[in-house]
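Q: Pasting a structure here, questions to come.
The values are calculated or read from the model by the stated rules, or taken from the named source; none is laboratory data. On a predicted model such as this, the values are computed, not experimentally measured, just so you know. Cβ atoms come from the backbone with ideal geometry, glycine included; neighbour counts cover every protein chain shown.
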């Protein structure tokens, strides 16, 4: 274990930069849908375009996540963050100036591409600057990501009513512009040289992860959480209205309950995993909640519906767990960068089909039984992965995954 240093000692810029970067990584995803009707009144959007925009975030996260280790190899971590935040600022601000569906797609693609790179950069940044406090700092940035998804829907409509939808969409660029400041300062900070001497990401290591049981197990855990989260955000209100007889207001409140479960998970899980281990116990508890919650909606949809939704929400503790495991299962920040890119690029490709797959299965079967059974069965990859990830091994220990 690295010797623990005071959290802020000599690392104030890095910690501030990590928090601000994390806070900018979900605002664009959550800020659009609440004001879509207002935007559509001025910029017509077909159902096909709206559906495509819904699939765009995970697709961009996957495609650009796989390219991130090459970006880091070319420019280094800090410069990659600056380029990412610059692109994110342009994309977010540009959404406030669009005049056509094509322009919105272009700005969203730039925005989500930058977010995809930012997703992958966070774990190696924590590994580089806070290897002595991985659990705590992962908790901090997990909560920042959760807040960046929670706050925009709450303020989007009031801001749009007061100042227009363009301001409501574009104002999030101010946060990412501010986030540039600590990273630019860090680049020119004279003490940075002591940290920057460490080697950057190795693309060959990324390719070698194709043969890594640890990497594939981590993908299994990450994919289960993302697949279910995107499917539930798309379909949970409809499921509750049609299968449980909930009103629209009740379904909305239950969706908020589902989303709120991410906050306690983000606060506790990284610290528990980093300090006490118990990886198999955490995954087992999450999958127990997952299975009981979905079966509850299937068998007793009108009875304590809130409990089934709460349990399904608790199962998403595997998301912050997968983030902290990136660093707990890599010895170096270059290994962390490769593992982060590998996990998120492949994981988000699978996650992207979640809402679509559930919708298609519902249309084919004419009900929610088969879609809910599919979501229940999606726990299997995480259950299989649990004993592999529970062993305290590192990707660098695997013969084919060695940094050169």
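Q: If I ask for residues that are at pLDDT below 80, more than 25 Å from residue 262 (Cβ to Cβ) and surrounded by fewer than 17 Cβ atoms within 10 Å (Cβ to Cβ), which ones from region 148-196 would you list?
A: 188, 189, 190, 191, 192, 193, 194, 196
Q: So residue 302 ticks every box in (1) over 27 Å from residue 62 (Cα atoms); (2) in contact with a helix residue (DSSP H, G or I) (Cβ under 7 Å, 6 or more places away or on another chain) but one. Which box is left unticked?
A: Only one criterion in (1) over 27 Å from residue 62 (Cα atoms); (2) in contact with a helix residue (DSSP H, G or I) (Cβ under 7 Å, 6 or more places away or on another chain) is unmet by residue 302, namely (2).
Q: I've got another one for you. Out of the helices (runs of 4 or more DSSP H) lying entirely within region 3-92, which hold 3 or more residues that are modelled with pLDDT of 75 or more and either over 25 Å from residue 160 (Cα atoms) or outside the structural domain of residue 173 (by TED's automatic domain parsing) (or both)?
A: 12-23, 47-75
Q: All but one of (1) part of a helix (DSSP H, G or I); (2) in contact (Cβ under 8 Å) with a residue 40 or more places away in the chain; (3) within 24 Å of the chain's Cα centre (by Cα) hold for residue 374; which doesn't?
A: (2)
Q: Being more than 27 Å from residue 385 (Cα to Cα), over 21 Å from the mean Cα position of the chain (by Cα) and crowded, with 19+ Cβ neighbours inside 10 Å is true for just one of 251, 243. Which residue is that?
A: 251
Q: Now for a different question. State whether the residues of region 275-282 include one that is modelled with pLDDT of 90 or more and surrounded by fewer than 15 Cβ atoms within 10 Å (Cβ to Cβ).
A: Looking for residues that are modelled with pLDDT of 90 or more and surrounded by fewer than 15 Cβ atoms within 10 Å (Cβ to Cβ), one finds at least one in region 275-282, hence yes.
Q: Among the candidates 272, 326, which residue alone is under 28 Å from residue 346 (Cα atoms) and surrounded by 24 or more Cβ atoms within 10 Å (Cβ to Cβ)?
A: So the residue among 272, 326 that is under 28 Å from residue 346 (Cα atoms) and surrounded by 24 or more Cβ atoms within 10 Å (Cβ to Cβ) is 326.
Q: May I pose another question? Could you tell me how many of the residues in region 241-257 are in a helix (DSSP H, G or I) and touching a helix residue (DSSP H, G or I) at 6+ places or on another chain (Cβ under 8 Å)?
A: Within region 241-257, residues that are in a helix (DSSP H, G or I) and touching a helix residue (DSSP H, G or I) at 6+ places or on another chain (Cβ under 8 Å) number 9.
Q: Sort out for me the helices (runs of 4 or more DSSP H) sitting completely within region 307-369 that have 1 or more residues that are within 19 Å of residue 277 (Cβ to Cβ) and either modelled with pLDDT under 85 or in the same structural domain as residue 392 (by TED's automatic domain parsing) (or both).
A: 318-328, 333-351
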